[in-house]
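Q: For reference, the structure I am asking about is given below.
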Amino acid sequence: MITMYLHFGYIARLSSSSPQSSMMIVKILLGVLYLSGGLVLSKCRRYHFVNKPFTWYEAQSYCRKNYVGLACIENSEEMNQVINTVSSAGYNSEVWIGVYIHLQRHAASQNDDESWNWKKQIQSEPFLVSYFCQSISVSGQWYSNCSVEHPFICYNGTSQSPQYVLVNESMDWFRALRYCRENFTDIASYSISDSQLQILLPNGDRAWIGVISYPEIRQRDCGNSSFRYWDDFGNIPSIFRSLFGVADLQRSGKWRLIEYFTKIPFVCFDNLPAPGKENVQKKVIKMNLNLEGLSVDLNDRAVKANLTKLQDKLEEKGVNGVNLKWRKLPDGAVFHKEEKNTKKEEKKKTEL
């Protein structure tokens, strides 16, 4: 546990407070704490293997009730801790961890090239993004690796009255997209009916269509961690907009994505002080904030109560084990207004 006593001076024009001003103070304090290094915490996570077959959401609820959350993993050392924790319990298969992705689906029509910025997505997640191009068959639609070669479906005419054409030449998704645009109106999108598919793909073959999804990767109880440990994975039914992470002990703990309703064991975590350290560390942060022009009384009870909101914001970012308190000055106030020394400033200007 780390207790932080916040000691602030400020320069401001004081009057009545408002909810908008109060929330602005919360945002300012949160930003200042991060930028000042006041929240550089020595994290020491302990992982707990729970050998109960739960869905992802059930596992998350259990972990939050009994620990902090589903396993949060931010580096290779923590990944090895998870592997050792599970292996030492004699388990050697898939376990839920706190990773999940939300998929934003986009149709690759010529009219939305500005918003459909797949190049940016490839730069941010070069491995994972290549797995969410969409293929289709009479049995359904699937997310597939974009580099796999399939036949593909283009169309002529308008998107309202398309005339579909199967190009029976195998290409990867991006080459298929380019080919359709160079030789037809565009690549086909969602609106192919089952009867049309039976004609286009009578043998149950799979073909590319012009749909791609961007994965937003998150660790629910961990903030925005950049650590990744992905494994290869196969085709995933495209009916799912969210997919959830497992660590596969048979694949050296590599991460894969499956549907949330699968029931498997899971790993929780909590935060502990580093071995040999005191259980409670105290830290005082003193800052000066220039809030000139902001109509708010920082010593108002409602404003000071917003420290609770700041604490909640930190927990949303995955910062646990921190207790924030205001530090009162001898006069009983938390915030101390500093008057501008205008006379000295004028004297300096005169001397110059």
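Nothing in this text is a laboratory measurement; each read-out follows from the coordinates by a stated rule. Quantities reported herein were computed from a predicted structural model and do not represent experimental measurements. Note that each Cβ is placed from the backbone with ideal geometry, even for glycine, and that neighbours are counted across all protein chains shown.
Q: How much FRET efficiency would the formula 1/(1 + (r/R0)^6) give for Glu182 and Glu216, where r is the Cβ-Cβ distance and R0 is 30 Å, rounded to 0.05?
A: 0.40
Q: Given the Cα-Cα distance of Asn92 and Asp270 and 0.36 nm per residue of separation, how much length would full extension add, in nm?
A: Going from the current span to full extension adds 61.9 nm.
Q: Test of understanding: ordering His150, His106 by Cβ neighbours within 10 Å, fewest first, what list do you get?
A: His106, His150
Q: Can you order the peptides 214-222, 202-210 by their average number of other Cβ atoms within 10 Å per residue, highest first? Let's see the in-between values first.
A: Numbers: 214-222: 19.8, 202-210: 18.1.
Top to bottom by mean Cβ count within 10 Å: 214-222, 202-210.
Q: Ranked by Cβ crowding within 10 angstrom, fewest neighbours first, how are Ser135, Ser144 ordered?
A: Ser144, Ser135
Q: Sticking with this one: What distance in nm separates the simple spin-label points at Asn156 and Phe240, each placed 7 Å from Cα in the Cβ direction?
A: Simple spin-label model gives 4.0 nm for this pair.
Q: Taking the Cβ of each residue in Asp270, Asp232, Asp186 as the centre, tally the other Cβ atoms inside 10 Å and list the residues starting with the fewest.
A: Lowest to highest Cβ neighbour count: Asp232, Asp270, Asp186.
Q: Chymotrypsin sites (Phe, Trp or Tyr not before Pro), restricted to segment 46-106: which are DSSP loop and have at most 16 other Cβ atoms within 10 Å?
A: Tyr91
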